[in-house]
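Enquirer: Can you read through this structure? Questions will come right after.
The values are calculated or read from the model by the stated rules, or taken from the named source; none is laboratory data. Note that the structure is predicted; figures quoted are calculated from it, not measured. No Cβ is skipped: glycine too gets one built from the backbone with ideal geometry, and neighbour counts run over all protein chains shown.
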Amino acid sequence: MKIAIRQCDLTPSRPCWQGGYVQRTNFYEKVHDPITATLFVLTFEKTKMVFGSLDVSGVDQALTDLILERTAKKGVKLDPQELLLSATHTHSGPLVGAYYDRKIDPDYYEKVIETISTAIVEAYQQEGEECQLYYRNTWIDGLYSNRNDPNKLSDKWIHQFGFFQDGKLLAMITSLAHHCTVLGPNFTDLSADLFGEMRRLLQQEVQAPVMMVQGNAGDMGNKQYRRSNLFDEVERQAAALVDQIRKKHSAWQLLKCDHCTIRTVAYQAVYDVNAEDYVAKKQEFEEQLKTETNFDTIKLLVTGIRSFERKIEQGSRHVERTMEARIYDLEELQIVAVPGELGSILGLRIKAASAAKVCFLWGYANPTNLGYMIEKEAYEGFSQESNVTDYPAGIPDEYAAAIMDALQQPHE
């Protein structure tokens, strides 16, 4: 295996909309910390892959297509499966995709396309450095959990993949299932939030580029553990997470990953939506909002109301929707790339179904269009995920089952 690495500055040059929180009414006021893209081009014996992580809330199909088009014009034509772009899911980063009625800054959008495509081409045309892939993990105590019930089973493993050359760490991927939105709608500066601060601390410690990757984080977060929604809490949480990694991580183990094959899973979801169901829910939330004083509950209520309004506007309808995922088979490693916000329980089931030495979920992958996907039991309570999801109970479980079945099938 060979690796070529690029880290690019994606910080806007002027204020624009941020991606996330329907409560916001204005552009960000100033830049608090940089917005970054990290790109790794991996060369296997017969395959070349581009993996990327951007400090944004989501990467949609339109942006991915334009980056592929620009990359091809620069001399590198990629099959769409050979490019895995993802979002760290900060809600304080710049808007790069559709979000209610907010408009994308066209100049900034062009900057993202040009910057990412140029970096891909430069890294792709580079020979790359020979390396071996190693893996370690850390179980986190406290700090985050299922954000609706801290006592519920949740995925708190941090996965780290180190690219080593003769004992020297060239680069690292750090992945965890953590809805990393510490900063709330009251924080109006531009920021990469928790994953940006974790990356900064990790890079300082390992003296190598670090790519931060979301896992099955749809219902994971630190709501029950944080002391504020401001950046001092980002710093406290990031330092505590990195400290646990430093003290508790397992030993590095070598993974055989000389080959890479890619498979697509396509589950056909069929269901009906009755818009009238959301009229009553919207009225119920509006009444509760009149007297609610808890900050986090107010966020959930406002987001739920806006989501119900969107669903009511779409009207009652019959839905037939293809829900896709990609499986990257790298011999002793399987990566399941999910274009949405998969819940922790479903992610745990998928990983358990894999026969690979290591399997991990790469969430918020392009195009991030599937939204929240949680297990059917989670629909019984009041939660962000059950309020906002477009799927009736059971559909996400069937989608996860389709992925599990594919993982167990033989591949080339």
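Yes/no per residue for (1) buried (at least 24 other Cβ atoms within 10 Å of the Cβ); (2) β-branched (Val, Ile, Thr); (3) in contact with a His (Cβ under 8 Å, 6 or more places away or on another chain); (4) free of Cβ contacts under 8 Å to residues at least 60 places away in the same chain:
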| position | (1), (2), (3), (4) |
| --- | --- |
| Asp193 | yes, no, yes, no |
| Pro209 | no, no, no, no |
| Val213 | yes, yes, no, no |
| Lys223 | no, no, no, no |
| Arg226 | no, no, no, yes |
| Phe231 | no, no, yes, no |
| Glu235 | no, no, no, yes |
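Enquirer: For segment 239-254, check the following and say yes or no: at least one residue is without any contact (Cβ under 8 Å) to a residue 12 or more places away in the chain and in the same structural domain as Ile374 (by TED's automatic domain parsing). Step through it out loud before you land on a result.
Expert: Within segment 239-254, the first condition is being without any contact (Cβ under 8 Å) to a residue 12 or more places away in the chain, and the residues that meet it are 243, 247.
Okay, now just the ones that are also in the same structural domain as Ile374 (by TED's automatic domain parsing), so 243, 247.
Among the residues of segment 239-254, at least one is without any contact (Cβ under 8 Å) to a residue 12 or more places away in the chain and in the same structural domain as Ile374 (by TED's automatic domain parsing), which makes the answer yes.
Enquirer: If you don't mind, there's one more thing I want to ask. So the check is Cβ under 8 Å with 6+ separation or different chains; which pairs have a first residue in segment 382-403 that's farther than 17 Å from Gly363 by Cα and a second one that's assigned to a helix (DSSP H, G or I) and of a type in the set (A, V, I, L, M)?
Expert: Every condition considered, the pairs that remain are Phe382/Leu300; Ser383/Leu300; Gln384/Leu300; Ser386/Ala378; Asn387/Leu300.
Enquirer: Looking only at segment 249-300, which residues are basic (Lys, Arg) and in a helix (DSSP H, G or I)?
Expert: Lys281, Lys282, Lys299, listed by residue number.
Enquirer: I would also like to ask the following. If you take just the strands (runs of 3 or more DSSP E) that sit entirely in segment 1-96, which of them hold at least 1 residues that are over 19 Å from Thr181 (Cβ atoms) and among the basic types (Lys, Arg)?
Expert: Per the criteria, 2-9, 48-54.
Enquirer: Could you please tell me which pairs satisfy a Cβ distance under 6 Å, a separation of 6+ or placement on different chains, a first residue in segment 344-371 that is assigned by TED's automatic domain parsing to the domain that holds Ile173 and over 21 Å from Gly221 (Cα atoms), and a second residue that is at pLDDT 95 or above and surrounded by 24 or more Cβ atoms within 10 Å (Cβ to Cβ)?
Expert: Between residues of segment 344-371 that are assigned by TED's automatic domain parsing to the domain that holds Ile173 and over 21 Å from Gly221 (Cα atoms) and residues that are at pLDDT 95 or above and surrounded by 24 or more Cβ atoms within 10 Å (Cβ to Cβ), the close pairs are Asn366/Val59; Asn366/Leu85; Pro367/Pro339.
Enquirer: Next question, about the same structure. How many residues does segment 292-344 hold that are surrounded by fewer than 21 Cβ atoms within 10 Å (Cβ to Cβ) and among the small types (Gly, Ala, Ser)?
Expert: So the count comes out to 2.
Enquirer: Does Arg246 satisfy being charged (D, E, K, R), touching a helix residue (DSSP H, G or I) at 6+ places or on another chain (Cβ under 9 Å), under 30 Å from Ile350 (Cα atoms) and part of a strand (DSSP E or B)?
Expert: Considered against the rule, which asks whether it is charged (D, E, K, R), touching a helix residue (DSSP H, G or I) at 6+ places or on another chain (Cβ under 9 Å), under 30 Å from Ile350 (Cα atoms) and part of a strand (DSSP E or B), Arg246 comes out as no.
Enquirer: Based on this model, can you work out whether Val302 counts as closer than 30 Å to Phe187 by Cα, of a type in the set (Val, Ile, Thr) and in the same structural domain as Ile395 (by TED's automatic domain parsing)?
Expert: Against the criterion (closer than 30 Å to Phe187 by Cα, of a type in the set (Val, Ile, Thr) and in the same structural domain as Ile395 (by TED's automatic domain parsing)), Val302 does not qualify.
Enquirer: Would you confirm, using the coordinates I've provided, whether Asp101 is surrounded by fewer than 17 Cβ atoms within 10 Å (Cβ to Cβ), under 21 Å from Val22 (Cα atoms) and more than 19 Å from the chain's Cα centre (by Cα)? Before you say what the answer is, go through the steps one by one.
Expert: On the way: surrounded by fewer than 17 Cβ atoms within 10 Å (Cβ to Cβ): yes; under 21 Å from Val22 (Cα atoms): yes; more than 19 Å from the chain's Cα centre (by Cα): yes.
It is true that Asp101 is surrounded by fewer than 17 Cβ atoms within 10 Å (Cβ to Cβ), under 21 Å from Val22 (Cα atoms) and more than 19 Å from the chain's Cα centre (by Cα).
Enquirer: For segment 271-291, does any single residue satisfy the condition of being in contact with a strand residue (DSSP E or B) (Cβ under 6 Å, 6 or more places away or on another chain), over 28 Å from Gly184 (Cβ atoms), of a type in the set (Gly, Ala, Ser) and surrounded by fewer than 15 Cβ atoms within 10 Å (Cβ to Cβ)?
Expert: There is no residue in segment 271-291 that is in contact with a strand residue (DSSP E or B) (Cβ under 6 Å, 6 or more places away or on another chain), over 28 Å from Gly184 (Cβ atoms), of a type in the set (Gly, Ala, Ser) and surrounded by fewer than 15 Cβ atoms within 10 Å (Cβ to Cβ).
Enquirer: Regarding segment 306-318, can at least one residue be identified that is over 20 Å from Asp60 (Cα atoms) and touching a Leu at 6+ places or on another chain (Cβ under 8 Å)?
Expert: There is no residue in segment 306-318 that is over 20 Å from Asp60 (Cα atoms) and touching a Leu at 6+ places or on another chain (Cβ under 8 Å).
Enquirer: Something else now. Counting only residues that are in a loop (DSSP other than H, G, I, E, B) and within 21 Å of Glu29 (Cβ to Cβ), how many does segment 170-214 have?
Expert: So the answer is 11.
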